[in-house]
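Q: Handing you a structure now.
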Amino acid sequence: MKVLTLNFLTCAVKTCKSSSDSFPLHPKDAELASDDVEVNPQLLVNLLPRIDWNALRTTSTELGFPQLPEQPPTAEELGADEKVLKDLHSLLIETQIMEGKLVCGHCGHEYAIREGIANFLLPSHLV
Amino acid sequence: MDYLIRFSQSHETFRLPEIQALAVIEGIDLKVISYSLESPFCIVHLPSATAARRLIQRSILAMSVHELWGAGADLAAVHAAVCATTPHLWADYATCSFKFTLDSYQGSRSAADKIRLINAFSYLGFAGPIQMRNPDEEFVLFEDWPLNSTPLGIADPTYCYFGRFLGAGARDLPKRLDLKKRRYISTTSMDAELALVTANLALAAPGKIVYDPFVGTGSFPIACAQFGAVTFGSDIDGRSIRGDEKKKTLRGNFEQYGLLAGLGGMFTADLTNSPIRRAPLRHDGDGATGRIFDAIVCDPPYGVREGLRVLGVRDPEKSPWIIPKGKEMYKDPDFVPPRKPYSFLAMLDDILHFAAQTLVDNGRVSFWMPTANDEEQEIPVPAHPYLETVSVCTQVFNKWSRRLITYRRIPDNEVDPEAMKSREETIYVGKSADELNPFRKAYFNKFEN
Ligand SMILES: C[S@@+](CC[C@H](N)C(=O)[O-])C[C@H]1O[C@@H](n2cnc3c(N)ncnc32)[C@H](O)[C@@H]1O
Ligand SMILES: [Zn+2]
């Protein structure tokens with residue numbers, strides 16, 4: 001599962017949705033892999049306004065990557081600075097969590113990731 | 001100038017919506033001059049020949065586009081139109097290699113007739129070499145004949161067109177993604193041609209982000225990735241994504257077609273308990289928060305073979321042990337969470353509401369839904385105040401049909417403030433699969449009242 005996907009996902013439990021602690025989910029025992037994907041500047045520019053930057057900073061730190069700047073780059077900066085573009089690409093698109101868990105900071109529920117596919121199905125007492 | 005689009009005579013109700021969607025993708029001002037479901041010939045007005053080529057290049061249902069030199073109810077009218085409006089163009093083709101082709105829809109011409117029809121254009125004065133393979137220019141005389149004109153001995157077509165070939169559609173793509181040669185499919189995989197048309201209607205394109213909440217074996221994401229989009233998907237049945245965990249997997253399909261760059265992420269989830277983050281709908285929203293996708297495409301479960309199911313317990317009073325057992329067991333990796341029957345109409349409404357919450361402005365949701373052919377049993381097109389219906393296309397089978405319905409997410413400030421308030425909180429009651437699903441019920445009653 002890409003770091004990008006993690007930025008789109010919160011706890012599936014309905015009563016957690018209103019809590020800011022349910023996003024982002026926190027990786028636990030994560031085994032990382034890196035895919036080789038061609039840089040797609042158009043995609044990154046489109047993604048920029050849809051990414052929750054604060055959540056991405058949290059995720060990046062939790063996965064052991066260097067601290068991201070406080071503010072996201074602008075579309076112009078992405079276009080002008082190849083390093084900013086490449087770093088963002090490698091974090092969002094190339095980095096994958098292959099095994100491990102995603103933990104909700106509000107209810108503590110753990111979602112398992114197996115072979116890169118996370119499972120968000122809930123037992124009946126949480127539906 | 002006017003241009004002639006030569007459609008394939010199939011999936012008729014999908015053809016114009018597809019072309020209109022492609023005009024949106026390419027930012028081309030398209031005006032339809034004449035079109036009919038009964039004919040493969042459509043006349044449109046476009047800003048330029050380049051625009052015409054761009055418009056058609058990824059069309060699945062259009063075969064080709066032509067610069068229209070003349071049209072009329074008979075050949076004399078065509079020649080009159082060509083002579084009246086195109087003499088200034090003739091010199092441009094005086095020396096290039098060229099060929100003439102005859103395209104008789106529902107009709108046939110003898111070899112001698114063909115030569116006679118083509119020779120009648122000799123006044124154009126083309127003096128270059130005639131070349132059947134890869135000529136510089138191809139000119140086509142189209143004839144629209146009535147159905148069964150050969151056995152009925154009908155002498156003349158009802159309409160004729162003459163034009164210069166500009167470009168072809170993407171009729172090769174359905175073959176490239178053909179299910180028969182795909183590594184991993186299931187009984188509900190969507191056929192490649194209609195999946196590609198769906199991707200066009202959803203405006204899939206490079207840099208766009210597309211999601212299929214009922215992803216199965218991935219037919220829609222694959223079609224969207226073929227057009228350059230990055231795709232996400234989920235399914236309540238994780239096995240459909242994992243396949244045999246070897247070669248026959250959803251990921252393997254992307255690999256087979258060299259489309260891995262378009263594979264964003266796949267996960268296991270129930271749409272009615274979705275983990276996708278979203279913000280509640282509000283008229284005074286900032287128009288951005290929580291809005292992630294450019295398009296949502298899907299073929300939701302019809303619930304015919306198997307009742308439609310979501311997470312939950314059907315009757316907690318009758319089976320009070322299920323919830324405590326789940327509490328005890330859910331951390332076991334092999335635990336399968338219980339499911340309960342759900343209403344088909346409620347599911348469609350859930351999809352629309354989810355789309356309203358997660359699509360960017362002018363983003364599209366395209367989904368398939370079945371309905372009965374009989375008007376009385378027909379299921380109405382679902383509506384949502386934040387979504388405007390763009391097109392309804394129908395594929396008709398013997399006793400039932402399925403529709404591809406496409407909506408556009410309208411910007412918050414264009415939503416009628418009363419519409420959201422007055423949106424009836426329709427609660428779908430019933431517990432059995434038939435009570436919950438009018439289509440399933442009609443299906444098993446063989447569409448008889
Ligand atoms: C008609 S199939 C879609 C097939 C898919 N288009 C493909 O190409 O394979 C419907 C899918 O929806 C899934 N499904 C059923 N109920 C669901 C739910 N509540 N949430 C998410 N997916 C569900 C089924 O497991 C099935 O794979
Ligand atoms: Zn939670």
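The values are calculated or read from the model by the stated rules, or taken from the named source; none is laboratory data. All values reported here derive from a predicted model rather than from experimental measurement. So basically every Cβ, Gly included, is an ideal-geometry build from the backbone, and we count neighbours across all protein chains shown.
Q: Hey, among the residues in segment B:346-378 that are among the hydrophobic types (A, V, I, L, M, F, W, C) and away from ligand 1 (no atom under 16 Å from the Cβ), which one's farthest from B:ASN273 (Cα to Cα)? Break it down into steps so the answer makes sense when it comes.
A: Let us first name the residues in segment B:346-378 that are among the hydrophobic types (A, V, I, L, M, F, W, C), namely B:346-348, B:351-352, B:354-356, B:359-360, B:365, B:367-369, B:372.
Checking which are away from ligand 1 (no atom under 16 Å from the Cβ) leaves us with B:356, B:359-360, B:372.
Working: B:ALA356: 16, B:LEU359: 18, B:VAL360: 21, B:ALA372: 29 Å.
Among them, the one singled out is B:ALA372.
Q: Sticking with this one: Among the numbered criteria (1) in contact (Cβ under 8 Å) with a residue 24 or more places away in the chain; (2) within 16 Å of ligand 1 (Cβ to nearest atom), which one does B:LYS180 miss?
A: Of (1) in contact (Cβ under 8 Å) with a residue 24 or more places away in the chain; (2) within 16 Å of ligand 1 (Cβ to nearest atom), only one is false for B:LYS180: (1).
Q: Could I ask something else about it? Kindly provide the set of residues from segment B:361-412 that are of a type in the set (Phe, Trp, Tyr) and surrounded by fewer than 14 Cβ atoms within 10 Å (Cβ to Cβ), ordered by number.
A: Step one: of segment B:361-412, the residues of a type in the set (Phe, Trp, Tyr) are B:367-368, B:386, B:397, B:400, B:407.
Scanning segment B:361-412 gives a single hit, B:PHE397.
Q: If you don't mind, there's one more thing I want to ask. Test A:PHE8 against the stated conditions and say whether it is surrounded by 19 or more Cβ atoms within 10 Å (Cβ to Cβ) and either more than 13 Å from chain B (Cβ to nearest Cβ) or out of contact with any helix residue (DSSP H, G or I) (no Cβ under 7 Å at 6 or more places or on another chain) (or both).
A: On the way: surrounded by 19 or more Cβ atoms within 10 Å (Cβ to Cβ): yes; either more than 13 Å from chain B (Cβ to nearest Cβ) or out of contact with any helix residue (DSSP H, G or I) (no Cβ under 7 Å at 6 or more places or on another chain) (or both): yes.
Spelling it out, A:PHE8 is indeed surrounded by 19 or more Cβ atoms within 10 Å (Cβ to Cβ) and either more than 13 Å from chain B (Cβ to nearest Cβ) or out of contact with any helix residue (DSSP H, G or I) (no Cβ under 7 Å at 6 or more places or on another chain) (or both).
Q: Right, here's the next one. Please go through segment B:313-345 and pick out each residue that is closer than 28 Å to B:ARG282 by Cβ and within 11 Å of ligand 1 (Cβ to nearest atom). Working first, answer last.
A: First pass over segment B:313-345, keeping only residues closer than 28 Å to B:ARG282 by Cβ: B:342-343, B:345.
Within segment B:313-345, B:TYR342 is the sole residue that qualifies.
Q: Another one. Could you list, in sequence order, the residues of segment B:7-34 that are in contact (Cβ under 8 Å) with a residue 12 or more places away in the chain, of a type in the set (Gly, Ala, Ser) and out of contact with any strand residue (DSSP E or B) (no Cβ under 7 Å at 6 or more places or on another chain)? Lay out the reasoning, then the answer.
A: Of all residues in segment B:7-34, those in contact (Cβ under 8 Å) with a residue 12 or more places away in the chain come to B:7-26, B:28-33.
Still in the running and of a type in the set (Gly, Ala, Ser): B:8, B:10, B:21, B:23.
Matches in segment B:7-34: B:SER10, B:ALA21, B:ALA23.
Q: If you go through segment A:103-117 one residue at a time, do you hit one that is within 13 Å of chain B (Cβ to nearest Cβ) and touching a His at 6+ places or on another chain (Cβ under 9 Å)?
A: There is at least one residue in segment A:103-117 that is within 13 Å of chain B (Cβ to nearest Cβ) and touching a His at 6+ places or on another chain (Cβ under 9 Å).
Q: One residue is enough: does segment B:234-249 have a residue meeting the conditions away from ligand 2 (no atom under 16 Å from the Cβ), part of a strand (DSSP E or B) and in contact (Cβ under 8 Å) with a residue 60 or more places away in the chain?
A: The first filter runs over segment B:234-249 and keeps only residues away from ligand 2 (no atom under 16 Å from the Cβ), leaving B:234-249.
Checking which are part of a strand (DSSP E or B) leaves us with B:234-235.
Restricting the remaining residues to those that are in contact (Cβ under 8 Å) with a residue 60 or more places away in the chain gives none.
Checking segment B:234-249: not a single residue is away from ligand 2 (no atom under 16 Å from the Cβ), part of a strand (DSSP E or B) and in contact (Cβ under 8 Å) with a residue 60 or more places away in the chain.
Q: Right, next: Restricting attention to segment B:253-292, and to residues there that are in contact with a Gly (Cβ under 6 Å, 6 or more places away or on another chain) and not in a loop (DSSP other than H, G, I, E, B), which single residue is farthest from the other protein chains (Cβ to nearest Cβ)?
A: B:ASN253
Q: Out of all the residues in segment A:35-54, which are part of a helix (DSSP H, G or I) and more than 30 Å from B:GLU255 (Cβ to Cβ)?
A: Of all residues in segment A:35-54, those part of a helix (DSSP H, G or I) come to A:41-50, A:53-54.
The answer is A:PRO49, A:TRP53, A:ASN54.
Q: Any idea which of B:LEU259, B:LEU308 is buried (at least 19 other Cβ atoms within 10 Å of the Cβ) and in contact with a Phe, Trp or Tyr (Cβ under 9 Å, 6 or more places away or on another chain)? Spell out the reasoning first.
A: Numbers: B:LEU259 fails: in contact with a Phe, Trp or Tyr (Cβ under 9 Å, 6 or more places away or on another chain).
Going through B:LEU259, B:LEU308 in turn, the sole match is B:LEU308.
Q: Out of all the residues in segment B:135-150, is one or more surrounded by 19 or more Cβ atoms within 10 Å (Cβ to Cβ), out of contact with any strand residue (DSSP E or B) (no Cβ under 6 Å at 6 or more places or on another chain) and charged (D, E, K, R)?
A: No, every residue in segment B:135-150 fails to be surrounded by 19 or more Cβ atoms within 10 Å (Cβ to Cβ), out of contact with any strand residue (DSSP E or B) (no Cβ under 6 Å at 6 or more places or on another chain) and charged (D, E, K, R).
Q: Determine whether B:PRO337 is within 30 Å of B:LYS421 (Cβ to Cβ), buried (at least 18 other Cβ atoms within 10 Å of the Cβ) and within 10 Å of chain A (Cβ to nearest Cβ).
A: Values: within 30 Å of B:LYS421 (Cβ to Cβ): no; buried (at least 18 other Cβ atoms within 10 Å of the Cβ): yes; within 10 Å of chain A (Cβ to nearest Cβ): yes.
For B:PRO337, the condition - within 30 Å of B:LYS421 (Cβ to Cβ), buried (at least 18 other Cβ atoms within 10 Å of the Cβ) and within 10 Å of chain A (Cβ to nearest Cβ) - is not met.
Q: Oh, and also: Which numbered condition trips up A:ILE93, out of (1) surrounded by fewer than 19 Cβ atoms within 10 Å (Cβ to Cβ); (2) part of a helix (DSSP H, G or I); (3) in contact with an Asp or Glu (Cβ under 9 Å, 6 or more places away or on another chain); (4) modelled with pLDDT of 95 or more?
A: Condition (1) is where A:ILE93 drops out.
Q: Just name the residue that is nearest to ligand 2 (Cβ to nearest atom) out of those in segment A:1-18 that are modelled with pLDDT under 95 and in a loop (DSSP other than H, G, I, E, B). Talk me through it step by step, then tell me what you get.
A: Let us first name the residues in segment A:1-18 that are modelled with pLDDT under 95, namely A:14-15, A:17-18.
Right, trim to in a loop (DSSP other than H, G, I, E, B) and you get A:17-18.
On the way: A:LYS17: 9, A:SER18: 11 Å.
Selected residue: A:LYS17.
Q: So, one more: Can you name every residue in segment A:99-115 that is more than 16 Å from ligand 1 (Cβ to nearest atom) and either closer than 15 Å to A:ALA12 by Cβ or within 13 Å of the chain's Cα centre (by Cα) (or both)? Spell out the reasoning first.
A: At the first step, the residues of segment A:99-115 found to be more than 16 Å from ligand 1 (Cβ to nearest atom) are A:99-110, A:112-115.
A:LYS101, A:LEU102, A:VAL103, A:CYS104, A:GLY105, A:HIS106, A:CYS107, A:GLY108, A:HIS109, A:GLU110, A:ALA112, A:ILE113 - these are the residues of segment A:99-115 that are more than 16 Å from ligand 1 (Cβ to nearest atom) and either closer than 15 Å to A:ALA12 by Cβ or within 13 Å of the chain's Cα centre (by Cα) (or both).
Q: Among the residues of segment A:1-25, count how many are within 16 Å of ligand 1 (Cβ to nearest atom) and among the small types (Gly, Ala, Ser).
A: Counting residues in segment A:1-25 that are within 16 Å of ligand 1 (Cβ to nearest atom) and among the small types (Gly, Ala, Ser) gives 1.
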